Each structure stands twice: as C-alpha cells, then as structure tokens.
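The values are calculated or read from the model by the stated rules, or taken from the named source; none is laboratory data. Quick caveat, the model's predicted, so the values are computed rather than measured. All Cβ positions, glycine included, derive from the backbone under ideal geometry; neighbour counts span all protein chains shown.
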Amino acid sequence: MTHIIITTLVLASALPHAYAVQKPPVNPGAKVLLDFKERVDKYVELRKKADDSAPPLKKTDDAAELRAAQQALAERIGAARTPAKQGEIFTPEIAAYFRKLVRPELKETGTKGAVRDDNPAGMPFQVNGPYPSKEALSTMPPNVLASLPRLPKDIEYRFVGKHLILRDVRANLIIDYIPNALN
Amino acid sequence: MQPCPALRLRLMTALALAAGLLGAAAAQDLALPNRPDSLKFAIIGDSGTGSDSQYRVAQQLLAARQKFPYEFVLMMGDNLYSGSGSKDYQKKFEKPYQPLLDSGMKFYAALGNHDNPDERNYKPFNMSGQRYYTFKPKAGVRIFALDSNYMDPPQVQWLEKELTASGSDWKICFFHHPLYSSGMHGDESLPLRAQLEPLFLKHGVDVVFAGHEHFYERIKPQKGIYYFVSGGAAKLREGDVNKTNLTAKSFDTGYHFMLIEITKDALHFQAISDQGKTVDSGTLPRVSDQEKKKFATP
C-alpha cells in the first residue's frame, strides 16, 4: 500500500513538468501574420487620416465626381506615404510565407487559368502609384482568397502578371506587391 | 422660317431613332407570355464598349420594350471596358441607353473583371455602394448580384446568410463569370463552381445568369439549376462555343440580349440578336423544393 502511495505521489509531482514539455507548439506563421496585420492596420490608419481631411464620397450619378474623389484620396495617401517602397508591408518574411500559402491553391484545376484570364501581365506599376484605370483586374479565385489572411474593407489582393499586389480599392492605389508570387 | 442647323440635326436624329425603333420593333417577334402580373426584366452582358454593336443592341433593347414592358435591366459585368472616366460612363452607358434611362428604367449592375469597383457608387447602376447586393423586385422573387471576380470569404458568408433568409422566393443569382460554359473560359470556372454550387444547391437557387463569355449559351439544367451565359451585348467571340453535352442552345455568330419573364411556376426566356431575330426562347418550369432537396443531398 505504501508503495502505491509513493508511486502516485511521484507521478503527481512529475505531471506539471510533463505538461510544460507537451505544451502545443506556437504556430510558426502566427508571428508573421501578426506582423502583416499590424502593417496593414498602419496603412488603414493612414488612409483614415487622409479620408478625414476631405468630405466623404457619396453615391452619385456624376461619374466625374467618382473619379475626382478617388484621385484626391490617392494624392493625400501618396503624399502621406512618401517615400514608399516595395517591401514595406510584404517584408521578405511575409512574402515567403504568402508564397507558401498560395502555392498549393495554384495547383488546383482551373485556378492558374482563372488568374491568368485577362491578367494585365507586363503592365508597368509602382508602389504608391495608381492601378492603371484602362487595365482589367485579374480574377481572384475563391480558394486563393480563402488561403490568404483577410483584409480590412476596401483593401484587396490582385495579381499583375506573376506579382501579387495589395490594392487600395477606394484610392485605386497599389500599396505593395510580392514579386513572382505566381511561380 | 428655316430651323437652325443644330435644331435640324436634333430633329433628324430623333426621326432616325424613331424610324430605327419602328423597324427594330417590327422585326422582333415576342415569344413570351407577357402576362400582366408577371415579373419582366432584360439582361445585357459585357456591354460597355461604346462600339456600334453596343448601340445596335441598345436599340433592339429599347424596341423590345414596346412589346414587352420589362421593369429593369440586369448587367452581367464588364459594364465599362478600358477606363472609367466620366467620358467612359457617357459613351458606354449613358448615351446608348439614354432613352431607357430617360424613361426611368432601372439598371442593376454586377462587376466584371474589366470594371473599376468604384462603379458601385455610380447611382444609375443601383448597387447601393456595394460589390454584392440583393433586392426583391416583386413578392416571391429575390435577386442576388455577386462579385465573381473577388469571391472572398466575407462575400460567401453574406451570400449564405441572405440565401437562408430568402425563404421560398424564386432565387435568381447573376454575376460575371459563368459556372458552366462551353467557351474558352470553361475550365477556369472550376474554383468558383466548387465554392458556389454547393451553396446554390443547399439553398435552392433556381436560375443563374452570367456573362464573360462573348456569346449566348443556355446550359442544360445542372443538378436542378438553370444556367444562362449572356455576354454578347457588345462583344462577340465568333465561333467560340465548343458545343459540349452542357449546351442546350447556343448563339455565337452575332450580338444579343435577353428578355425574362417570371411567373409563379415558370421562367420564360427569349434571346434576341442585334438584328432583332429570336435566337432562343422557351419556358422552364420551376423545380420543386422536394426535387431540389434531392440534388442538395451529397
């Protein structure tokens, strides 16, 4: 009986240590995703400030008003971000992680074809510059979008050729891009 | 007294339009029941080129209204190709459909891959400032406009919620990319189909209209759902329908638009070319809820 009690006590004292050792590992991507989220949030904060300095765009039947509001917002954001360069949001670590997320999805039947359909490959673009209004927007297949982190309202992912861009929909501005994400 | 040259020009233009309309209306034979209590609407897809073909289809669309008083027009996307400045809106939308717009006709747009998402704030597109939206044009019918170019998880969740709430209404979805087609984009639809079709089946969607492919195709019913491809209101990819066992009827040698009539138990359709010829027409019975459930079961 004494033997059983001692064995039980020894096992019980070992338990906390065992639990500490078996603690589930931290998701290696979580840190990268958090970093991405913070960088995007910072951009959204900057856009909000640019937004607040002008009257809000309302629905209109005057197309000229739409264009003027979009350009004015783009100019205010552009000025506030200067100088902006590739990698400010998509750091090398984030870009590598995103490529890993997207790669298996691109192997799904029809996915690459959908992305390439009317994809404006070869279109020159730059960070903090406008998305050329005459160009089509690549289709983003649902499985690719589901694999990527969710974005705040009116920020979106698109492909330009093989590059994955981050686009501000309201300002029609290219925020950043990952080169050759479609490989 | 002679009218001034500008006035004379406007008079001549009006006369030419009237003569054109009379000719166009005479050329069209209505193949729809045209019941007083039905829901009537028209469909144009890939319309925003500003080309002669767009204006010809627009004239036929206007002429059709003399015989078939449709209440609104659904736009399948690519509403404005190659730019969205104010001149683009004028040339590719306001001018070709001006007589309809002047008469108070409502257009409801979906976004295509050539559209600037900012079009959602353009009032005449009736998108309520949203990339995707729903409206109920008549008791018993609900229409869902989706953005198939960017089908992200929030949109899918929204659709599921709205479909659930729509109860026993006719459920009509429209968006740019077809889930089924026999054209060059057929295979590209697989990821979108994998996402949307289970939802459509689960919630009993009745009919789906899309564009993107620049022709007309009526698809044989797929798991109890009717699909139409109508992307030739200004663009044409001649001979692009590679007839498969999907095709019930196709037309890829001319431009076209569609007229739709919904009664309690059936959908009536007519596709009309830019020459005023009927290229397809018919009646599709509404699939019962019981039958739909069979398809929804995995």
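Between B:Pro198, B:Pro154, which is surrounded by fewer than 24 Cβ atoms within 10 Å (Cβ to Cβ), more than 23 Å from B:Asp46 (Cα to Cα), free of Cβ contacts under 8 Å to residues at least 24 places away in the same chain and within 11 Å of chain A (Cβ to nearest Cβ)?
Numbers: B:Pro198 fails: within 11 Å of chain A (Cβ to nearest Cβ).
B:Pro154 is the lone residue from the list that is surrounded by fewer than 24 Cβ atoms within 10 Å (Cβ to Cβ), more than 23 Å from B:Asp46 (Cα to Cα), free of Cβ contacts under 8 Å to residues at least 24 places away in the same chain and within 11 Å of chain A (Cβ to nearest Cβ).
Residue check: is A:Pro130 closer than 17 Å to A:Ile77 by Cα, surrounded by fewer than 19 Cβ atoms within 10 Å (Cβ to Cβ) and either touching a His at 6+ places or on another chain (Cβ under 6 Å) or not hydroxyl-bearing (Ser, Thr, Tyr) (or both)? The answer is yes for A:Pro130. The single residue among B:Ser168, B:Ser148, B:Ser181 that is part of a loop (DSSP other than H, G, I, E, B) and touching a Phe, Trp or Tyr at 6+ places or on another chain (Cβ under 7 Å) turns out to be B:Ser148. Residues in region B:221-235 that are out of contact with any strand residue (DSSP E or B) (no Cβ under 7 Å at 6 or more places or on another chain), in a loop (DSSP other than H, G, I, E, B) and buried (at least 16 other Cβ atoms within 10 Å of the Cβ): B:Gly224, B:Gly231, B:Ala234, B:Lys235.
Please go through region B:119-130 and give me each residue that is within 9 Å of chain A (Cβ to nearest Cβ), within 22 Å of A:Glu156 (Cβ to Cβ) and surrounded by fewer than 21 Cβ atoms within 10 Å (Cβ to Cβ), ordered by number. Steps first, answer last, please.
Start the filter on region B:119-130 by keeping residues that are within 9 Å of chain A (Cβ to nearest Cβ), which leaves B:119-124, B:127-129.
Now narrow it down to the ones that are within 22 Å of A:Glu156 (Cβ to Cβ): B:119-122, B:127-129.
Listed by number, the residues that qualify are B:Ser128, B:Gly129.
The lone criterion from (1) of a type outside the set (Phe, Trp, Tyr); (2) within 19 Å of B:Tyr70 (Cα to Cα); (3) crowded, with 17+ Cβ neighbours inside 10 Å left unmet by B:Thr283 is number (3). Go through region B:68-82 and report how many residues are within 14 Å of chain A (Cβ to nearest Cβ) and either exposed (fewer than 15 other Cβ atoms within 10 Å of the Cβ) or not aromatic (Phe, Trp, Tyr) (or both). So the answer is 5. Within region B:46-82, the residues that satisfy the criterion of being among the polar types (S, T, N, Q) and in a loop (DSSP other than H, G, I, E, B) are B:Ser47, B:Thr49, B:Ser51, B:Asn79, B:Ser82. Highlighted here are the strands (runs of 3 or more DSSP E) found entirely within region A:74-183 that include at least 3 residues which are facing another protein chain (nearest Cβ under 10 Å) and at pLDDT 95 or above: A:155-160. Condition check for B:Phe135 on (1) more than 14 Å from chain A (Cβ to nearest Cβ); (2) crowded, with 19+ Cβ neighbours inside 10 Å: one failure, at (2).
Got at least one residue in region B:77-84 being more than 21 Å from B:Phe228 (Cβ to Cβ), in contact (Cβ under 8 Å) with a residue 12 or more places away in the chain and among the small types (Gly, Ala, Ser)? Let's see the steps before the verdict.
Initial filter on region B:77-84 (more than 21 Å from B:Phe228 (Cβ to Cβ)): B:80-84.
With the extra rule that they be in contact (Cβ under 8 Å) with a residue 12 or more places away in the chain, the set shrinks to B:80-82, B:84.
Those left that are additionally among the small types (Gly, Ala, Ser): B:82, B:84.
Scanning region B:77-84, I find at least one residue that is more than 21 Å from B:Phe228 (Cβ to Cβ), in contact (Cβ under 8 Å) with a residue 12 or more places away in the chain and among the small types (Gly, Ala, Ser), so the answer is yes.
Residue check: is B:Glu238 surrounded by fewer than 15 Cβ atoms within 10 Å (Cβ to Cβ), in contact (Cβ under 8 Å) with a residue 60 or more places away in the chain and of a type in the set (Asp, Glu)? Give the derivation first.
Numbers: surrounded by fewer than 15 Cβ atoms within 10 Å (Cβ to Cβ): yes; in contact (Cβ under 8 Å) with a residue 60 or more places away in the chain: no; of a type in the set (Asp, Glu): yes.
No: the conditions fail for B:Glu238.
Only residues that are within 12 Å of another protein chain (Cβ to nearest Cβ), modelled with pLDDT of 95 or more and in a loop (DSSP other than H, G, I, E, B) were counted across region B:83-117, and they come to 5.
B:Val141 falls short on exactly one of the conditions (1) crowded, with 21+ Cβ neighbours inside 10 Å; (2) farther than 23 Å from A:Glu105 by Cα, and that condition is (1).
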